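The values are calculated or read from the model by the stated rules, or taken from the named source; none is laboratory data. Computed from a prediction, not measured in an experiment: that's the story for all the values here. As a convention, Cβ positions derive from the backbone with ideal geometry for all residues, glycine included, and neighbour counts pool all protein chains shown. When the accessible area is computed, the model is the full protein with side chains, heavy atoms only, and any ligands, DNA or RNA have been set aside. Shrake-Rupley method; radii C 1.70, N 1.55, O 1.52, S 1.80 Å.
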There are 2 protein chains.
Amino acid sequence: MPVKIFLNEDEIPREWYNIAADMPTPMQPPLHPGTHQPVGPEDLAPVFPMNLIEQEVSTERWIKIPDQVLDKLLLWRPTPLYRAVNLEKFLNCPVKIYYKNEGVSPAGSHKPNTAIPQAYYNKVFGVKRIATETGAGQWGSALSFACSQFGLEAKVYMVRISYEQKPYRRLMMNTWGATCVPSPSTETEAGRKVLALDPNSPGSLGIAISEAVEDAVTSEAQGRPLTRYALGSVLNHVLLHQTIIGLEAQKQLAQVGDYPDIVIGCAGGGSNFAGISFPFVRDKIAGKQVQIIAVEPMSCPTMTRGPFLYDFGDTMQMTPLLPMHTLGHAFIPAPVHAGGLRYHGMAPLVSQLILDGLVEPRAVYQLDTFKAGVTWARTEGFISAPETNHALAAVFQEAKKAKEEGKEKVILVNWSGHGLVDLAAYDAFFQGKLVDYEMPQDEIELALKALEGFPKPNF
Amino acid sequence: MPVKIFLNEDEIPREWYNIAADMPTPMQPPLHPGTHQPVGPEDLAPVFPMNLIEQEVSTERWIKIPDQVLDKLLLWRPTPLYRAVNLEKFLNCPVKIYYKNEGVSPAGSHKPNTAIPQAYYNKVFGVKRIATETGAGQWGSALSFACSQFGLEAKVYMVRISYEQKPYRRLMMNTWGATCVPSPSTETEAGRKVLALDPNSPGSLGIAISEAVEDAVTSEAQGRPLTRYALGSVLNHVLLHQTIIGLEAQKQLAQVGDYPDIVIGCAGGGSNFAGISFPFVRDKIAGKQVQIIAVEPMSCPTMTRGPFLYDFGDTMQMTPLLPMHTLGHAFIPAPVHAGGLRYHGMAPLVSQLILDGLVEPRAVYQLDTFKAGVTWARTEGFISAPETNHALAAVFQEAKKAKEEGKEKVILVNWSGHGLVDLAAYDAFFQGKLVDYEMPQDEIELALKALEGFPKPNF
């Protein structure tokens, strides 16, 4: 029985799986932030290249992966599927645990799976420069890597507090040739406005998104090379690109004659979860028995406690309104939360699948995630990203449950990235600085008041 | 043509290759630091477990890898052999470049290849606790990982300046359950002596080795669990464990029908270089045409400018005298040097192979190493450890030479580790803080004066 199940390069999936083709409930359209009417492709054209907009709205089940994209993905894909033999022995529960190791990419996470095609489609469309935002830096570094592969300029607006506390992520971006500035910056209207109110603003993902979008839509007028914006999660085309994870895992599990009873991924905006799970959701829609669990932090309980509403993608209300589980676009997780997955909303595709009962959301406590991560490191060896530890906490829960029920189960989990550049969070854990935290209900209700009077999606 | 050449787990080498069996010149023995007589196994017994001492002096050609070691190595081995297709296109030279990716291990480098067997043999011998030193932290983190796999305690004495400047490596050790203290510490006689002279001592590898050895040999008397010392390079058994790299590479190259004209590795103490090259040195001894290059920094030119002498392994003159190329045990590289490979000596095995004309040493300039690393990151994607960049600089030189000579060549290089925890060195490079530096001859001669009157090895 091998510990690692490889897929030959000629077995790499040649198409992405678009779950929009199989959704039991059709997706509800994004709405224009001003008119509240469904947005059309032309509304998005100043922000994204048209070839990606077409993917965003496509309902084709299979979308061909361009050869030039495959060539770049082959730098680290297919990724190995591991059997967590050491952890299984340690847990002593009737479970087989398989994990897909997305930490082997140059940026150390699943993010390059979409950064590479996004850079490619921008390049093909004639774009010369991509602007984006990043929080802790996973996405910014992945996009920087992808842009270096296609000879595009990359400009990353990085939340200031992360920029200062996580210099290694910025240095990764620099090594790949990208420019990274702390946000709020003086380079955009949005940034200057925030700085005028608070020169010491630590920044937020919402502000950084606003800066990057403004950079993209104003570039031509301001004499910069043709620029578009890129997002690392939430949107349909981003989740589409990540499905290569689950498609590979299906082939690898078939090699060893297994099929999961449970598929687990952590979910911030939803992209790595969608990547591992959507091919299995497809099987589930077709009648297969499989439990699919999306795991989020108790301190940012978007799926488990946020209602399904139309909300903005960003804090500054510049993006279209998306139908999604949300805690309100002004939501910021409590400072005690160290483990990523801080986005206020959840990808519309994932949100709809939760409503349809195909995906089971679960919130876990912070201390359980780090305990799971430390046990993982001391058994499987690899040190996980704090985000990934949320998925691992659910693996531990399911293993224990299998033992209690006396049932044998096969668990598949997405090991979405390593934590070597995020060790400060482990340090806080070891020093006893982290606590468990649950969002108070009145705070959630208060944050959602901003959405009163906005259109409601069907539920 | 695949970009990555995998080896199935059942094809992993089951034996290490011991080059001592094939050396054209027999190895000269280590000498006791006091008597200057050859040391016997019993002299080393307080420091290392006897099963490792037996490996250290073995002349058997093939040494079986224990099943329990193989089980742990399978967590990340066999490592993929990559074809550097993007770099080849960029260089536009008549070369095929293969690289062995040792960065996929949990600790991110080749070091666990020997940390795992060292922990295993200590465990089997009844040792409960291992003491070691670490400079930048690569070895300390690898040993911490290995000890966690076998349920051993690990105590790491980390050079104080690195301890303070590189918190991520220490955090990796903590995550794997090890204790890491800055050296000089107050926990050993050696440390207290240094602190009495200079309470602000930044520490050095030599001091840290002395502390770890003292910890090991005094543990029983001081009521600590049975402790032995472990070293991450230089010694015969360490190099032996690394040969799995080259043995795998030979099988992988055979899969694609290639054999290298040139094998390249960087060399500090010599272990990763030995790991990739010794199986090819064996072929060369048997008559095969292959050029084998060990690459070191101009600012620590042990092989290219250090004479072959008997010298101590540590600064405090506690270890046996080893026959090796050395700059003198008191040597410390100039502060401008950012790229690792700082050890004053070179592994006796590698040193002897240089004398015998089987290995070609080469020193490279610091700025060339970082330029090579940045180009690598922007073509192949992965960010290399600063040490690894020395090997890459030589790859660039050889590619250029092949073009000038109009000859097609196959190059194999050991990509010994990633640089994600060492990005501060890249930052210094981008900020223009690094310069090229050559050791002045009079400084080398001065450092070697300390060895006057000591026995000389045959040359």
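Before we move on, is residue B:358 open to solvent by less than 40 Å² (accessible area, probe 1.4 Å), part of a strand (DSSP E or B) and more than 14 Å from every other protein chain (Cβ to nearest Cβ)? Give the derivation first.
Numbers: open to solvent by less than 40 Å² (accessible area, probe 1.4 Å): yes; part of a strand (DSSP E or B): no; more than 14 Å from every other protein chain (Cβ to nearest Cβ): yes.
In short, no.
Between a first residue in the range A:42-55 that is of a type in the set (S, T, N, Q) and a second residue that is modelled with pLDDT of 95 or more and open to solvent by less than 30 Å² (accessible area, probe 1.4 Å), which pairs have beta carbons less than 6 Å apart while being 6 or more apart in sequence or on different chains?
A:51/A:121; A:55/A:237
Does residue A:142 qualify as being within 14 Å of chain B (Cβ to nearest Cβ), modelled with pLDDT of 95 or more and assigned to a strand (DSSP E or B)? Let's see the steps before the verdict.
On the way: within 14 Å of chain B (Cβ to nearest Cβ): yes; modelled with pLDDT of 95 or more: yes; assigned to a strand (DSSP E or B): no.
So residue A:142 does not fit the description; no.
Run down B:301, B:297 and say which single residue is closer than 30 Å to residue B:250 by Cα, surrounded by fewer than 21 Cβ atoms within 10 Å (Cβ to Cβ) and not acidic (Asp, Glu). Talk me through it step by step, then tell me what you get.
On the way: B:297 fails: surrounded by fewer than 21 Cβ atoms within 10 Å (Cβ to Cβ).
It is B:301.
So, in the range B:371-392, exactly how many residues are more than 17 Å from the chain's Cα centre (by Cα), part of a helix (DSSP H, G or I), surrounded by 24 or more Cβ atoms within 10 Å (Cβ to Cβ) and touching a residue at least 60 places away in the same chain (Cβ under 8 Å)?
Count: 1.
Taking the range B:244-262 on its own, how many of its residues are assigned to a loop (DSSP other than H, G, I, E, B) and in contact with a helix residue (DSSP H, G or I) (Cβ under 8 Å, 6 or more places away or on another chain)?
So the first thing to find is which residues in the range B:244-262 are assigned to a loop (DSSP other than H, G, I, E, B), and the list is B:256-261.
Narrowing the set further to residues that are in contact with a helix residue (DSSP H, G or I) (Cβ under 8 Å, 6 or more places away or on another chain) leaves B:259-260.
Within the range B:244-262, residues that are assigned to a loop (DSSP other than H, G, I, E, B) and in contact with a helix residue (DSSP H, G or I) (Cβ under 8 Å, 6 or more places away or on another chain) number 2.
Return the total of residues in the range B:1-14 being without any contact (Cβ under 8 Å) to a residue 60 or more places away in the chain and more than 14 Å from chain A (Cβ to nearest Cβ).
1
Looking at residue A:36, is it at positive phi and away from chain B (no Cβ under 14 Å)? Give the derivation first.
On the way: at positive phi: yes; away from chain B (no Cβ under 14 Å): yes.
Judged against the criteria, residue A:36 is a match.
Do you know which residues across the range B:330-347 are outside any loop (DSSP other than H, G, I, E, B) and either surrounded by fewer than 24 Cβ atoms within 10 Å (Cβ to Cβ) or among the aliphatic types (A, V, I, L, M) (or both)? Give the derivation first.
Let us first name the residues in the range B:330-347 that are outside any loop (DSSP other than H, G, I, E, B), namely B:345.
Passing the criteria: none in range.
Being closer than 17 Å to residue A:86 by Cβ, open to solvent by less than 40 Å² (accessible area, probe 1.4 Å) and within 24 Å of the chain's Cα centre (by Cα) is the filter here; which residues of the range A:393-409 pass it?
Keep residues of the range A:393-409 that are closer than 17 Å to residue A:86 by Cβ, which gives A:395-396, A:399.
Still in the list and also open to solvent by less than 40 Å² (accessible area, probe 1.4 Å): A:395, A:399.
Matches in the range A:393-409: A:395 only.
Suppose we filter B:18, B:51, B:8 for residues that are out of contact with any strand residue (DSSP E or B) (no Cβ under 7 Å at 6 or more places or on another chain) and within 16 Å of residue B:245 (Cα to Cα); which single one remains?
Details: B:18 fails: out of contact with any strand residue (DSSP E or B) (no Cβ under 7 Å at 6 or more places or on another chain); B:51 fails: within 16 Å of residue B:245 (Cα to Cα).
That would be B:8, the only listed residue that is out of contact with any strand residue (DSSP E or B) (no Cβ under 7 Å at 6 or more places or on another chain) and within 16 Å of residue B:245 (Cα to Cα).
Inside the range A:41-87, counting only helices (runs of 4 or more DSSP H) that do not spill past its ends, which hold 3 or more residues that are of a type in the set (A, V, I, L, M, F, W, C) and surrounded by 15 or more Cβ atoms within 10 Å (Cβ to Cβ)? Write out each step before concluding.
Numbers: elements: A:41-44, A:50-57, A:67-73.
Per the criteria, A:50-57, A:67-73.
Can you pull out the residues in the range A:88-114 that are in a helix (DSSP H, G or I) and either free of Cβ contacts under 8 Å to residues at least 12 places away in the same chain or out of contact with any strand residue (DSSP E or B) (no Cβ under 9 Å at 6 or more places or on another chain) (or both)?
Of all residues in the range A:88-114, those in a helix (DSSP H, G or I) come to A:88-91, A:102-104, A:112-114.
Correct list: A:88, A:89, A:90, A:112, A:113, A:114.
Can you say whether residue A:157 is under 18 Å from the mean Cα position of the chain (by Cα), in a strand (DSSP E or B), hydroxyl-bearing (Ser, Thr, Tyr) and outside the structural domain of residue A:49 (by TED's automatic domain parsing), as far as the supplied structure shows? Explain how you work it out, then say what you get.
Working: under 18 Å from the mean Cα position of the chain (by Cα): yes; in a strand (DSSP E or B): yes; hydroxyl-bearing (Ser, Thr, Tyr): yes; outside the structural domain of residue A:49 (by TED's automatic domain parsing): no.
Against the criterion (under 18 Å from the mean Cα position of the chain (by Cα), in a strand (DSSP E or B), hydroxyl-bearing (Ser, Thr, Tyr) and outside the structural domain of residue A:49 (by TED's automatic domain parsing)), residue A:157 does not qualify.
Which condition does residue B:129 not pass, out of (1) of a type in the set (Lys, Arg); (2) within 10 Å of another protein chain (Cβ to nearest Cβ); (3) open to solvent by 10 Å² or more (accessible area, probe 1.4 Å), if it passes all the others?
(2)
Of these, A:8, A:92, A:86, which one is assigned by TED's automatic domain parsing to the domain that holds residue A:382 and modelled with pLDDT under 95?
Values: A:92 fails: modelled with pLDDT under 95; A:86 fails: modelled with pLDDT under 95.
From the options A:8, A:92, A:86, the qualifying one is A:8.
Could you grab me the full set of residues in the range A:428-458 that are among the hydrophobic types (A, V, I, L, M, F, W, C) and open to solvent by 30 Å² or more (accessible area, probe 1.4 Å)?
Kept after step one, since they are among the hydrophobic types (A, V, I, L, M, F, W, C), are these residues of the range A:428-458: A:428-430, A:434-435, A:439, A:444, A:446-448, A:450-451, A:454.
Of everything in the range A:428-458, those that are among the hydrophobic types (A, V, I, L, M, F, W, C) and open to solvent by 30 Å² or more (accessible area, probe 1.4 Å) turn out to be A:429, A:430, A:435, A:446, A:450, A:454.
Is one or more of the residues making up the range B:410-420 under 21 Å from residue B:137 (Cβ atoms), under 19 Å from the mean Cα position of the chain (by Cα) and without any contact (Cβ under 8 Å) to a residue 60 or more places away in the chain? Even if it seems obvious, please write down each step before you answer.
Let us first name the residues in the range B:410-420 that are under 21 Å from residue B:137 (Cβ atoms), namely B:414-420.
Next cut, under 19 Å from the mean Cα position of the chain (by Cα) only: B:414-420.
Checking which are without any contact (Cβ under 8 Å) to a residue 60 or more places away in the chain leaves us with B:419.
Scanning the range B:410-420 turns up at least one residue that is under 21 Å from residue B:137 (Cβ atoms), under 19 Å from the mean Cα position of the chain (by Cα) and without any contact (Cβ under 8 Å) to a residue 60 or more places away in the chain.
Only one of (1) crowded, with 20+ Cβ neighbours inside 10 Å; (2) among the aliphatic types (A, V, I, L, M); (3) in contact (Cβ under 8 Å) with a residue 24 or more places away in the chain; (4) within 22 Å of residue B:75 (Cα to Cα) fails for residue A:425. Which number is that?
(4)
For the range A:145-167, give me each residue that is in contact (Cβ under 8 Å) with a residue 60 or more places away in the chain, surrounded by 24 or more Cβ atoms within 10 Å (Cβ to Cβ) and within 12 Å of chain B (Cβ to nearest Cβ).
A:146, A:149
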